[in-house]
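First comes the structure, then the notes that go with it.
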Amino acid sequence: MSADGTPIAVSETGSGPALVVVGGAWDHHGTPAVDKIVAALRDGYRVVTYDRRGRGASGDTAPWSIDREVEDLAAVVASVDGPVDAVGSCVGAGVVLRGLAAGVPFGRAVLWEPPYRATVDPHGDDVLFADFLDGHVAAGRRAQAVRAFLSRVLGVPIPFIAAARLKPGLWRALLADAHVLARDVRVLNGLSVPERVVASIGVPVLVASGDGDPEWMRGAAAALAEALPGSHHLVVAGQAHVPDARVLRDLVDRFAEVPAAE
């Protein structure tokens, strides 16, 4: 239960050091990307995942705010005994950063490709893009909101988006979370690296990206690492925005050797 009374659906599996995994915009319990990450980690870690508010089986108390997202993450961490580290992918990396800056007690964090596009791409958008997405959803144009988010935030080419519409199950899943996409833009600071927010973070953070993505994606990861005290950026060969789960496991294993924050 989060601080405002919102029920948050939490799942855990495995044994070992505790890891809270926060996925991307459409990732929650039972989605393929999360399932693959959990499967790769659970033989060495106690893996905790949760559905962010408004997604999956979690509640959604109005009004939404970034502070409420942080309270949700804090409640999940408080439900786990002992030290906890974090793994954040895509938008989930932005959620973890917000939590770290607010004092959620993670010892370390591994972040994969937070899409802070506006910082490094002159075609990126600012926080007004969140209002644009909200307008689409309010007018019943959920498909337009999904297309805009995929294109402008994640850089997905239009032909790939068109192909997704030909897969009814996939497209229904994308439309189901259209109403929370504007929130993700706000969590991501209008798609710009939140330099003032992350400057206060004092735990070890690894920011990783693949070499198979557009240059702006690697640039965003490098810019974040530069703004984060004591962090570093690693480029992983042969990986794109959705990394092989075994590669992510390797990063977590290697970073687990770095001393955690007290």
* To do: Please say if region 128-183 is rounded, prolate or oblate, where rounded means a/c under 1.5 for a ≥ b ≥ c the square roots of the C-alpha gyration tensor eigenvalues, and otherwise the choice is prolate for a/b larger than b/c and oblate otherwise?
  => oblate
* Structure fact -> Per the helix-only model, the chain has a calculated mean residue ellipticity at 222 nm (DSSP H runs of ≥4, -39500 (n - 2.57) each, divided over all residues, rounded to the nearest 500) of -11500 deg cm²/dmol
* If each of L175 and A62 carries a label point 7 Å out from its Cα toward its Cβ, how far apart are those two points in nm? -> 2.3
* **Residues in region 166-210 that a label on E226 would reach, taking backbone N under 12 Å of a point 7 Å out along Cα→Cβ** => 193
* Asked: In what order do D4, D177, D213, D253 fall by count of nearby beta-carbon atoms within 10 Å, going from fewest to most?
  -> D253, D4, D213, D177
* For region 121-249, alpha-carbon Rg relative to the globular expectation (2.2 N^0.38 Å, N residues) -> 1.16
* **Three-way shape call for region 11-110 based on the alpha-carbon gyration tensor, with the a/c threshold at 1.5** => oblate
* Over all distinct Cα pairs, what is the inverse of the mean 1/r for region 169-208, reported as the Kirkwood hydrodynamic radius in Å? -> 12.7
* Tally Lys and Arg at +1 and Asp and Glu at -1 over the other residues with C-beta under 10 Å from the C-beta of L174: what net charge comes out? -> +4
* Structure fact -> Rounded to the nearest 5, the percent of DSSP beta bridges in the chain running antiparallel is 15
* Structure fact -> Shape call for region 46-185, from the Cα gyration tensor axes a ≥ b ≥ c (a/c under 1.5 means rounded, otherwise prolate when a/b beats b/c, else oblate), comes out prolate
* Separation of the E215 and S15 label points, Cα + 7 Å toward Cβ, nm -> 5.0
* Residues of region 192-224 with amide N under 15 Å of the 7 Å Cα→Cβ point at F160 -> 210-218
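Each value in this text was obtained by applying a stated rule to the coordinates, not by laboratory testing. If you're wondering where the values come from, they're calculated on a predicted model, not measured in any experiment. Counting neighbours? That spans all protein chains shown, and the Cβs are built from the backbone with ideal geometry, glycine included.
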